[in-house]
Amino acid sequence: MKLTRFNHKGTVNYGRLEEDRIHELKTGGKDIMPDSFLETGREYSLEEVRLTAPCMPSKVICLGLNYRSHAEEMNFPLPKVPIIFLKPSTAVIGPQEPIIYPPQSRRVDYEAELGAVIGKKAFNVPPDLALDYVLGYTCANDVTARDKQPAHGQWTYAKGFDTFCPLGPVIETGIEDPEALAIEGLLNGKKVQASNTSDHIFSVAKIISFVSACMTLLPGDVILTGTCSGIGPMKPGDIFTVKIATIGELSNPVKEES
Ligand code: MG
């Protein structure tokens, strides 16, 4: 299932995208696992609605350095444990929403990433059960004010600006193996990142286990699994697209703060 959230005349609901039709869904409780959703019978064409971010995370947990190729381009040694940081929920935007270039920065980078979306509360989950807590997978852009990264010693400021976490366009719930997905980043249509999640240093299952031993993961929380090589800057007027096999394409324009 390609799960979306969409805005129709000011009301936001979950929906199942099939071809260019959205079938409205409702949830029966707090969990948002694939079998938690019920069809309402209402449906819309894509032209009638605006897709929003496909989930509402309480927190976005991100991996630094999780592709061997990216560790090499940054000249960093391979990490022995997952290096994590958080993006605030206020950074999340949906497909086609603008990434706002903050006036504090002179270099804002794209980072195409696979996002794993948690579907039910997870605490202290062992790796072999971790994927049972995943609703599905989405495209993500870990937007980074690169020039702000070194000065702060850690990455919250550089990666926490409003609009710095585009997610979408859908959550694909049918992916059984998240470690075998082709991932690409395109700047104004030109391929600048190309890899496969098989290059992950830490698997999604290991990351969920590691993170959930520290903090409870809630339905809608998203784990960004790190970026591959090829990172680079964007400027106002650019469009960046994250493309992941079987999920789809997430595109966002970059705009100057008005
Ligand atoms: Mg990243």
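What follows draws every value from the coordinates through simple rules; no lab data is involved. Not measured: the values here are computed from a predicted model. Glycine gets a Cβ as well: all are built from the backbone with ideal geometry, and neighbour counts include every protein chain shown.
Descriptive notes on the structure:
- The GluC sites (Glu not before Pro) found in segment 163-241 that occupy coil by DSSP, while having at most 15 further C-beta atoms within 10 Å, are Glu176, Glu179.
- Entries of Lys9/Lys120; Lys80/Lys159; Lys9/Lys191 with Cα pairs more than 32 Å apart: Lys9/Lys191
- Centre separation in Å (Cα based) which lies between segment 51-99 and segment 109-137: 13
- The calculated FRET efficiency for the pair Glu19 and Ala151, based on their C-beta separation and a Förster distance of 51 Å, comes to about 0.60.
- Relative frequency of Cα-Cα separations exceeding 23 Å in segment 121-258, percent: 39
- Residue-normalised convex hull volume from the C-alpha trace of segment 165-240: 130 Å³ per residue.
- Dipole magnitude of segment 2-51 about its Cα centre (Cβ charges: Lys, Arg +1; Asp, Glu -1), debye to nearest 20: 260
- Working note: 222 nm ellipticity from helices only, DSSP H runs with n ≥ 4, each -39,500 (n - 2.57), summed and divided by the residues of the chain, gives -2000 deg cm²/dmol to the nearest 500.
- Farthest toward the positive end of the dipole of segment 96-225, out of Gly153, Val204, Pro103, is the Cα of Pro103, where the dipole comes from beta carbon charges about the Cα centre.
- Mean separation of Cα contacts under 8 Å, 6 or more apart, over the residue count of segment 151-258: relative contact order %: 31
- Mean-position separation - Cα centroids, segment 159-222 and segment 34-49, in angstrom: 25
- Convex hull volume of the C-alpha atoms in segment 1-137, normalised per residue: 163 Å³.
- Here the scattering of segment 2-51 is modelled by Debye summation over its C-alpha atoms, one equal scatterer each and no solvent; at q = 0.21 Å⁻¹ the log10 of I(q)/I(0) is -0.66.
- Per the Debye formula on identical point scatterers at the alpha carbon atoms of the chain, with no solvent, log10 I(q)/I(0) at q = 0.11, 0.12, 0.13, 0.15 Å⁻¹ is -0.54, -0.65, -0.77, -1.04.
- Whole-number percent relative contact order across segment 2-51, with pairs defined as alpha carbons under 8 Å at least 6 apart: 35
- The residues neighbouring Leu250, those whose beta-carbon lies less than 14 Å from its own, together hold a net charge of -4 under the Lys/Arg +1, Asp/Glu -1 convention.
- Residue list for segment 72-101, given a label point 7 angstrom along the Cα-to-Cβ vector of Ser58 and an amide N cut-off under 14 Å: 89
- Cβ charges +1 (Lys, Arg) and -1 (Asp, Glu), total dipole of segment 60-256, debye: 520
- Fluctuation leader among Pro88, Pro102, Pro150 - the chain, Gaussian network, Cα springs under 10 angstrom: Pro150
- The stretch between Lys30 and Ala194 holds 55.4 nm of extra length on full extension. This uses 0.36 nm per residue minus the Cα-Cα distance.
- Cα-centre dipole for segment 1-158 with unit charges at Cβ (Lys and Arg positive, Asp and Glu negative), debye to 20: 600
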